[in-house]
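K.L.:
I have a structure I would like to understand better, so I am pasting it below and will then ask my questions one at a time.
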Amino acid sequence: MPPASWINEAIDLTVVQQKAEAVNRAGLQRLAAIRVKDAEVLLSAGQWPGAYYVAGYALECALKSCILHHLEKTGIIFRDRKYLNKLGDSWTHELDTLLDLADLTSEFGAARKANSVLDGYWSTAKNWKETSRYEEKSEAEARGLLEAITNDPNGMLRWIQMHW
């Protein structure tokens, strides 16, 4: 699998030494790109479990950027107390929950229905869990997850980028 070179065009990685004083959309987008690069390095070194684990964090960072976009775009925290209470769930690593907090569940469902490749990639990606760091993963699993995330044009990260 070739490296996800398109990600260099999508995100400026020249600012990676920036201090993480505040979590913001741009920082999370950079971290998503960095985690993809980290996963590619681990994959090329034959470190399948590490590649799998780190690749999932690329999705997590990307989805958390979408949450911040949703907050900025809608001002929902000032209009919906239930959402504000639910926002504490953004500390999670569960991709389904993050999609919901970004208010993308319905739109993502429609996109998956319209694009069977994206749907297949989601079937792979949704199995990622933070606890995968405690699991052995095969080369096929690591490559499959990274492909599900970085495929151009049907990967998860490409779809997420339209919403962050």
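The values are calculated or read from the model by the stated rules, or taken from the named source; none is laboratory data. No experiment lies behind these values; they were computed from the predicted model shown. In this analysis, Cβ positions are derived from the backbone assuming ideal geometry, glycine residues included, and neighbour counts consider all displayed protein chains.
K.L.:
With the requirement that a residue be among the hydroxyl-bearing types (S, T, Y) and closer than 30 Å to E139 by Cα, what does the stretch 35-86 give you?
P.N.:
First, the residues of the stretch 35-86 that are among the hydroxyl-bearing types (S, T, Y): 44, 52-53, 57, 65, 74, 83.
Answer for the stretch 35-86, where residues must be among the hydroxyl-bearing types (S, T, Y) and closer than 30 Å to E139 by Cα: S44, Y52, Y53, Y57, S65.
Listed here are the residues, each with its yes/no results for (1) without any contact (Cβ under 8 Å) to a residue 40 or more places away in the chain; (2) outside any helix (DSSP H, G or I); (3) within 18 Å of the chain's Cα centre (by Cα); (4) more than 17 Å from S132 (Cα to Cα).
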{"site": "I34", "(1), (2), (3), (4)": "yes, no, yes, yes"}
{"site": "A39", "(1), (2), (3), (4)": "no, no, yes, no"}
{"site": "H69", "(1), (2), (3), (4)": "no, no, yes, yes"}
{"site": "S106", "(1), (2), (3), (4)": "yes, no, yes, yes"}
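K.L.:
Out of D100, D119, report the one residue that is under 19 Å from R158 (Cβ atoms), part of a helix (DSSP H, G or I) and without any contact (Cβ under 8 Å) to a residue 60 or more places away in the chain.
P.N.:
Going through D100, D119 in turn, just one is under 19 Å from R158 (Cβ atoms), part of a helix (DSSP H, G or I) and without any contact (Cβ under 8 Å) to a residue 60 or more places away in the chain: D119.
K.L.:
Same structure again: So which residues in the stretch 56-108 are surrounded by 16 or more Cβ atoms within 10 Å (Cβ to Cβ) and in contact with a Ser or Thr (Cβ under 6 Å, 6 or more places away or on another chain), if there are any at all?
P.N.:
I67, L99, L101
K.L.:
Further question: I'm trying to understand the selection: among the residues of the stretch 13-38, which are β-branched (V, I, T), touching a helix residue (DSSP H, G or I) at 6+ places or on another chain (Cβ under 7 Å) and at pLDDT below 95?
P.N.:
Across the stretch 13-38, the qualifying residues are V15, V16.
K.L.:
Would you tally the residues in the stretch 134-154 being surrounded by fewer than 23 Cβ atoms within 10 Å (Cβ to Cβ) and free of Cβ contacts under 8 Å to residues at least 60 places away in the same chain? Break it down into steps so the answer makes sense when it comes.
P.N.:
To start, the set of residues in the stretch 134-154 that are surrounded by fewer than 23 Cβ atoms within 10 Å (Cβ to Cβ) comprises 134-141, 143-144, 147, 151-154.
Those still in the list that are free of Cβ contacts under 8 Å to residues at least 60 places away in the same chain too: 134, 140, 144, 151, 153-154.
So the count comes out to 6.
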